[in-house]
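The values are calculated or read from the model by the stated rules, or taken from the named source; none is laboratory data. The structure displayed is predicted, hence computed values, not measured ones. Cβ coordinates were reconstructed from backbone atoms using ideal geometry, including for glycine residues, and neighbour counts include every protein chain displayed.
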Amino acid sequence: MKPSKIILPIIVVSQFCCTSLWFAGNGAMQDLVTTFGLTESAVGHLTSAVQLGFIIGTLLFAILSIADRFSPSKVFLCCAVLGALFNLGVIWEGNSLASILAFRFCTGFFLAGIYPVGMKIAADYFEKGLGKSLGFLVGALVIGTAFPHLLKEMTRAFPWKSVLVGTSSLAILGGVLMVSLVPDGPFRKPSQKLHLSAFLRVFQNGKFRSAAFGYFGHMWELYAFWAFVPIMLKTYTMVHPAATFNIPLLSFLIIAIGGLACVLGGYLAQALGTKRVAFMALLLSGICCLVSPLLFVQTSEMVFVVFLLFWGMVVIADSPLFSTLVAQNASPELKGTALTIVNCVGFAITIASIQLLNVLLTFTSSNSTYMVLALGPILGLWALFQKK
């Protein structure tokens, strides 16, 4: 049975609305520092709190097989509402650093029932053409990731609390849309019991393991690149003082263009094959890592920006394709668990690569530092073509 034409748009809109919680704190970060008397070093802690909450949440959701044992649309709604409430907690006037960290951690925890569960819902509807469907979903997330950079230009006209209230309202709307318009999909095979061993069982499948490790290599590079885009732009202006960049706007464009790449990658996968397109994107992003030092020394601003735009496309284009491979090679009754655990490990890896870059850049000002991001694509490409 072919799903209704409104199903995919509703899933995409719901996913975007709810994942806006992820970066809500970023849009008001400087205001939080000023309002609550935080130190500048708190900025990194607040960002990491969401990531850590998401990692713990996905770990628990995977061990308990939440998305496979219960209706994923209802799980999505519950997590959207709870995530929205904890997001609102940040506007409490009695907050301290500890309480804000706790609120952001809890918001990240419940995002574990939104991002991977949204992919699980799509997989339950679109067994064929899953790569294209997940391309739209990840594209929505990418634009949400980029949006805080644009908010830096916009929030001066609005009270900072409106960012938190607005994103929480969007999240509740997304959850209601999902539960009311997207019932359980025709390809869903619910798990009837708790499989505590499912966390490890999913990796016993060689094809699944290959896709998962390809995804891990991709994640090593992805969030570190996104995190350091503004720094790359600022570094170029320091090397070439004549260069004038609108760094917030360019950062938004460089990251947001990845949303278009996700959609294009999904369509290409239908014509060329999911694994082949994922390989091509991972190879190209790895090459970008390796040649990046050369771009800082050339004098053309246009060439530098175009290069970052291209990197912004290929660095994320393979993300929905790896998720497709993971979903296709997991047991149907453990599909939600498989997607969740792969997200959990992948996001843990992002913290490691970001912190490594942070440490390296404190010891050296060399732009060759970004070549370390190529380790992920290299290992991911190797994992993709291991014999089963």
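What are the residues in segment 338-366 that are hydroxyl-bearing (S, T, Y) and either at positive phi or touching a Lys or Arg at 6+ places or on another chain (Cβ under 9 Å) (or both), if any? Give the derivation first.
Step one: list which residues in segment 338-366 are hydroxyl-bearing (S, T, Y), which gives 340, 350, 353, 362, 364-366.
Listed by number, the list holds a single entry, T340.
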Within segment 316-350, of all residues that are β-branched (V, I, T) and under 16 Å from G266 (Cβ atoms), the one surrounded by the fewest Cβ atoms within 10 Å (Cβ to Cβ) is V326
Find the helices (runs of 4 or more DSSP H) located wholly in segment 1-90 whose residues include 2 or more that are at pLDDT 90 or above and more than 23 Å from M219 (Cα to Cα), and list them. 7-19, 72-88
Note: among F216, F203, just one is of a type in the set (F, W, Y), at pLDDT 90 or above and part of a helix (DSSP H, G or I), namely F216
